[in-house]
1. I'd like the full set of residues that are acidic (Asp, Glu), within 17 Å of A:Gly65 (Cβ to Cβ) and either surrounded by fewer than 16 Cβ atoms within 10 Å (Cβ to Cβ) or more than 10 Å from chain B (Cβ to nearest Cβ) (or both), limited to segment A:206-234.
2. Consider only pairs whose beta carbons are under 6 Å apart and that are at least six residues apart or on different chains; among these, list those whose first residue lies in segment A:21-39 and is free of Cβ contacts under 8 Å to residues at least 24 places away in the same chain and whose second residue is open to solvent by less than 100 Å² (accessible area, probe 1.4 Å).
3. Under 7 Å by Cβ, and 6 or more places apart or on different chains, what pairs join a residue from segment B:198-223 that is more than 28 Å from B:Glu265 (Cβ to Cβ) and at pLDDT 95 or above with one that is open to solvent by 50 Å² or more (accessible area, probe 1.4 Å) and of a type outside the set (Lys, Arg)?
4. Of B:Leu11, B:Leu76, which residue is among the hydrophobic types (A, V, I, L, M, F, W, C) and surrounded by fewer than 22 Cβ atoms within 10 Å (Cβ to Cβ)?
5. Evaluate segment B:228-239: report whether one residue or more is out of contact with any Ser or Thr (no Cβ under 7 Å at 6 or more places or on another chain), buried (at least 21 other Cβ atoms within 10 Å of the Cβ) and under 27 Å from B:Val50 (Cα atoms).
6. When you go through A:Leu151, A:Leu198 one by one, which is the residue that is among the hydrophobic types (A, V, I, L, M, F, W, C), part of a helix (DSSP H, G or I), within 30 Å of A:Leu86 (Cα to Cα) and in contact with a Phe, Trp or Tyr (Cβ under 8 Å, 6 or more places away or on another chain)?
7. If you scan segment B:20-57, which residues turn out to be in a strand (DSSP E or B) and open to solvent by 10 Å² or more (accessible area, probe 1.4 Å)?
8. For A:Thr77, all conditions in the list (1) out of contact with any Gly (no Cβ under 9 Å at 6 or more places or on another chain); (2) within 14 Å of chain B (Cβ to nearest Cβ) hold save one; what is the number of the exception?
Amino acid sequence: MKILAIDTSSHVMGTALSSENGILAEYITNFKKNHSLRLMPAIHQMMKEVDVAPEELDAIAAAKGPGSYTGVRIGVTTAKTMAWSLGIPVYGISSLMQLAAGGTYFPGWICPFADARRGRVYTGLYKVRHGILTTELTDQVTSLEDWLEKLKETEGRVLFLSRDAEQHQAAIVDVLGERAVFGTDAANRPRPSELISLTAQVEPQPPHSLVPEYAQMAEAEKKWYAAEEGRTYE
Amino acid sequence: MTTNSTESERLLAIETSCDETAAAVVQGGNIVLSNVVASQIDSHKRFGGVVPEIASRHHTETITMIIEEALKEAGLTFSEIDGIAVTEGPGLVGALLVGVNAAKAAAFARGLPLVPVHHIAGHIQAARLEREWHYPALALVVSGGHTDLVLLRGEGEYEVIGRTRDDAAGEAYDKVARTLGLPYPGGPHVDQLASTGKADIPLPVAWLEEDSFDFSFSGLKSAVLNTVHNAEQRGETLSTADVAASFQASVIEVLVEKTKRAAEEYGVKQVVLAGGVAANQGLRAAMEDAFKESPAELTIPPFRYCTDNAAMIGAAAHIQWKKGITAGWDLNGVPGLALY
């Protein structure tokens with residue numbers, strides 16, 4: 001299948017393309033600069049080089065978050081609009097699962113995460129069972145402290161994959177000690193080609209129905225609900 | 001990608017600069033084949049104003065459905081579309097990005113030229129949907145985010161001769177509405193209330209320098225707020241209708257007077273009132289009255305083309321199309337874009 005993959009949910013921007021023979025092309029930058037401007041030129045260049053026209057595509061896979069709100073919207077909007085314009089389905093894949101896929105050969109728990117500010121992280125817990133990456137704890141936004149307490153109750157080693165690993169490494173080791181394993185620089189960057197592999201275990205959907213997974217309400221909504229319920233909100 | 005030479009091209013236009021997700025199909029710059037607008041007002045009402053993050057979320061959720069609706073309403077398929085036009089800016093950056101990326105994706109997927117459009121040029125060119133232009137012409141663009149006086153010496157030649165130095169007129173309306181306890185969006189409520197009141201409360205009119213066509217509404221807004229608060233502190237009851245009428249009279253006086261003066265100074269043949277605030281009954285009536293005896297003809301586009309919509313983007317894109325102006329795949333949303 002010719003599948004175009006798109007990920008703009010973090011500073012890493014990636015796009016990949018597969019043909020009947022597997023991954024055909026992959027383009028990644030780890031550069032905090034304007035995904036909105038650079039995504040379509042990257043897709044155009046990549047497809048041109050390997051001589052694949054848009055109308056040849058069978059499906060589009062997108063990292064749907066959680067991650068940077070604006071970033072996720074750029075990728076999801078591009079993916080769903082391209083797919084709808086071409087009359088082909090989309091695959092919406094968790095950005096955390098995409099990152100976890102980089103730990104496929106790790107025999108223990110796989111914990112992809114991204115910093116969500118104010119001591120919180122976007123994270124989930126994954127494990128490879130019979131060769132298939134499975135979700136053990138669903139994607140969520142949580143305080144790193146609470147999350148580590150949860151991980152403390154598990155047994156065996158935990159592979160942490162994150163661009164923000166360095167920033168939180170001390171806190172993680174503090175709780176998990178030698179159980180904590182950290183990814184290489186390369187493994188800490190989500191690869192768009194993983195999205196193509198993951199289409200094998202995700203249902204395709206009509207483009208209209210693809211929406212970002214933010215994992216949390218917008219600030220204004222949180223405040224509004226707090227006020228409605230008479231709670232204070234910091 | 002280049003535009004073809006036909007002047008009866010069919011453009012799919014997309015507009016997401018604020019809180020309306022809009023798509024339209026416009027033929028030859030003045031025939032509206034469809035005009036679909038999904039307003040988010042109900043969602044933003046609870047916050048008392050547009051929340052950018054919420055607006056961006058809604059745009060992403062609905063964008064392809066709105067485009068589909070626009071094509072369906074026009075009775076066309078993608079293969080009958082010649083190009084895709086989109087609002088490049090100005091506006092809320094996160095909101096603009098959704099439209100820009102959707103337009104790029106659709107244009108790339110279908111191998112169509114991409115036409116960038118300035119939001120204010122869109123508001124001005126809404127007049128094309130009503131009648132042909134006669135140059136030189138003058139446009140007063142008044143909305144929640146803009147108060148601009150624009151001179152057009154020829155087709156698509158925009159020269160901003162006046163603009164607000166602080167709040168946009170629509171912004172002042174929303175703030176005054178809030179002070180008077182009126183629901184969001186405030187403009188129409190103030191307009192309605194004003195029609196029942198007497199404009200007898202002294203409020204400032206900001207004329208600025210004698211020869212300036214610029215506007216300023218923050219002083220007026222503060223004066224209204226002070227008037228209301230002072231009355232409250234003295235335990236007096238102020239007629240909200242009179243406050244609304246006095247505020248509106250001050251805004252309209254300066255808008256109409258400066259437009260009239262500019263029209264005379266530049267000897268324009270046509271004056272266009274555009275933007276969301278063009279729906280204001282008081283402003284429409286005052287403009288009609290002011291230009292009744294004038295050699296310049298007044299055009300006010302229908303309401304549906306005054307508030308944010310994509311048909312106006314298609315109308316403005318026609319001028320770009322004729323000049324062969326297209327964007328590359330690196331087109332981006334630009335929140336503070338200068339008028340072109």
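1. Quick first cut of segment A:206-234, residues acidic (Asp, Glu) only: A:213, A:219, A:221, A:228-229, A:234.
Then keep just the ones that are within 17 Å of A:Gly65 (Cβ to Cβ); that gives A:213, A:219, A:221.
Those that are acidic (Asp, Glu), within 17 Å of A:Gly65 (Cβ to Cβ) and either surrounded by fewer than 16 Cβ atoms within 10 Å (Cβ to Cβ) or more than 10 Å from chain B (Cβ to nearest Cβ) (or both): A:Glu213, A:Glu219.
2. So the pair list comes out as A:Thr29/A:Met13; A:Lys32/A:His11; A:Leu37/B:Asp330; A:Leu37/B:Asn332.
3. Final answer for the pair search is B:Ala223/B:Pro204.
4. On the way: B:Leu11 fails: surrounded by fewer than 22 Cβ atoms within 10 Å (Cβ to Cβ).
Just a single option satisfies the conditions, and that option is B:Leu76.
5. no
6. Values: A:Leu151 fails: within 30 Å of A:Leu86 (Cα to Cα).
Just a single option satisfies the conditions, and that option is A:Leu198.
7. Going through segment B:20-57, the residues in a strand (DSSP E or B) turn out to be B:20-27, B:31-39.
Selection gives B:Glu20, B:Gln27, B:Ile31, B:Val32, B:Leu33, B:Asn35, B:Val36, B:Val37, B:Ala38, B:Ser39.
8. So the condition that A:Thr77 fails would be (1).
The values are calculated or read from the model by the stated rules, or taken from the named source; none is laboratory data. If you're wondering where the values come from, they're calculated on a predicted model, not measured in any experiment. With ideal geometry, Cβ positions are generated from the backbone for all residues, glycine too; neighbour counts draw on all protein chains shown. The area values use the complete protein model at the heavy-atom level, side chains included, leaving out ligands, DNA and RNA. Shrake-Rupley method; radii C 1.70, N 1.55, O 1.52, S 1.80 Å.
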